[in-house]
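Here's the structure we're looking at; comments come further down.
Only the coordinates and a few stated rules stand behind these numbers; no lab work does. The structure displayed is predicted, hence computed values, not measured ones. Backbone-built Cβ (ideal geometry, glycine too); neighbour counts: all protein chains shown.
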């Protein structure tokens, strides 16, 4: 009997052997509005990757991009951070920081995570209903904390340069701020774990193109203890810990794994496919963030296919341990998205359909 999507996902994550490589394509609102009907035609041709899509479901002329994604809008989130945005459908950046002056810390109050999300109210009863419905239907269940839950939240609140100086100087206020954020996130984590979800997601963007944003030494001193505190209850409960970071993070990879990450979502080209194969493959499941900067947006169909093939060959195995995910952003054309989907569909079963019979994996 064939595995369900949930069974295949968890077996892949746990190196227990699946039947296909889990693949996902997320198309940004900016790309939908850019490509419009051309993107619809592509998505409709790939129901395996987009099973719930229906033509005509989007209103491109009246698309609400949502808070911190609307062009020309300044938005104050629940933490008091003010966001500015220049491109509809892509997230903006924080331009006003409520804790830029440490003197504000004594009176500062974070939002209550039981009633308030970062950009709007949160309904935990509805979250529980959704998880219970997914479990009854045999689908993967999951939750998570907000993207930028710790290190990024610190520079949203303090400002980036201020935070870098804080770490270098060992400012005592920093420990208080980290404790505040850890308590906030732990409340969220406990809510999700009470629902017995399969997976919890954590995400921060900790890398530039060629190095980690925070030095490995500073990361281990200031951030890793909080990561371990937050992820330990998940692993203790048998819940998969999914962690995302954009940018080059190879020098932080051991810390992620030691903190409790079981599924790592690194970008492929800036970290290096060969480096991931050498240092990460087999240690933790790789949910590979497929290139969105070079080959997928600008390459030929043949180059896109070759990239997916190389990643499956070098990072996959019959035991599992590889997933493929890709985010689509401007200026990626619909034709390139079609090439990407075709390549994913071609190679998703490579390790189990007989083509790898002479490979050791």
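Taking the convex hull of the alpha carbon positions in the chain and averaging its projected area over all directions gives 18.4 nm².
Residues of region 92-124 with backbone nitrogen within less than 20 Å of a virtual label 7 Å along the Cα-to-Cβ line of residue 194, please, listed as ranges. Under cut-off, by backbone N: 111-118, 121-124. The stretch between residue 100 and residue 84, if pulled fully straight at 0.36 nm per residue, gains 4.1 nm over its current Cα-Cα span. Calculated from the alpha-carbon coordinates, region 121-164 shows an Rg and a Dmax of 16.4, 48 Å respectively. What the Cα convex hull of region 242-292 gives, in volume per residue, is 64 Å³. Relative to the current alpha-carbon distance between residue 228 and residue 160, full extension at 0.36 nm per residue lengthens the span by 22.1 nm.
Helical content of the chain, expressed as a calculated mean residue ellipticity at 222 nm, amounts to -11500 deg cm²/dmol (DSSP H runs of 4 or more residues, -39,500 (n - 2.57) each, divided by residue number, nearest 500). Placing a pseudo-label 7 Å from each Cα along the Cα-to-Cβ vector at residue 6 and residue 136 gives an inter-label distance of 1.2 nm.
As a ratio to 2.2 N^0.38 Å, the alpha-carbon radius of gyration computed for region 1-67 takes the value 1.45.
What's the FRET efficiency of residue 352 with residue 109 using the Cβ-Cβ distance as r and R₀ = 51 Å, to the nearest 0.05? The computed FRET efficiency comes out at 0.45.
The spacing between region 305-361 and region 130-169, judged by their C-alpha centroids, is 28 Å.
Taking the Cα centroid of region 44-82 and of region 175-212, what is the distance between the two, rounded to the nearest whole Å? With region 44-82 and region 175-212 each reduced to a Cα centre, they are spaced 24 Å.
Its Cα gyration tensor gives region 43-101 an equivalent ellipsoid, and the semi-axes of that ellipsoid, as √(5λ) in whole Å with the largest first, are 33, 13, 9. Descending by average beta-carbon neighbour count within 10 Å, the peptides 320-332, 120-132, 216-228 line up as 320-332, 216-228, 120-132, the highest first. For the peptides 151-164, 185-198, the ranking by mean Cβ contacts within 10 Å, running from highest to lowest, is 151-164, 185-198. Sorting 208-214, 48-54, 134-140, 257-263 by their mean Cβ neighbour count within 10 Å, with the most densely packed peptide first, gives 257-263, 208-214, 134-140, 48-54.
Divided by 2.2 N^0.38 Å, where N counts the residues, the Cα radius of gyration of region 1-138 comes to 1.42. Set against the 2.2 N^0.38 Å expectation for a compact globular protein, region 46-201 has a Cα radius of gyration ratio of 1.24.
Estimated at 0.36 nm per residue, the fully extended path between residue 14 and residue 64 surpasses their Cα-Cα distance by 14.2 nm. Using a Förster radius of 22 Å, what is the FRET efficiency between residue 183 and residue 119 based on their Cβ-Cβ separation? Nearest 0.05, please. Efficiency computed from Cβ-Cβ geometry: 0.60.
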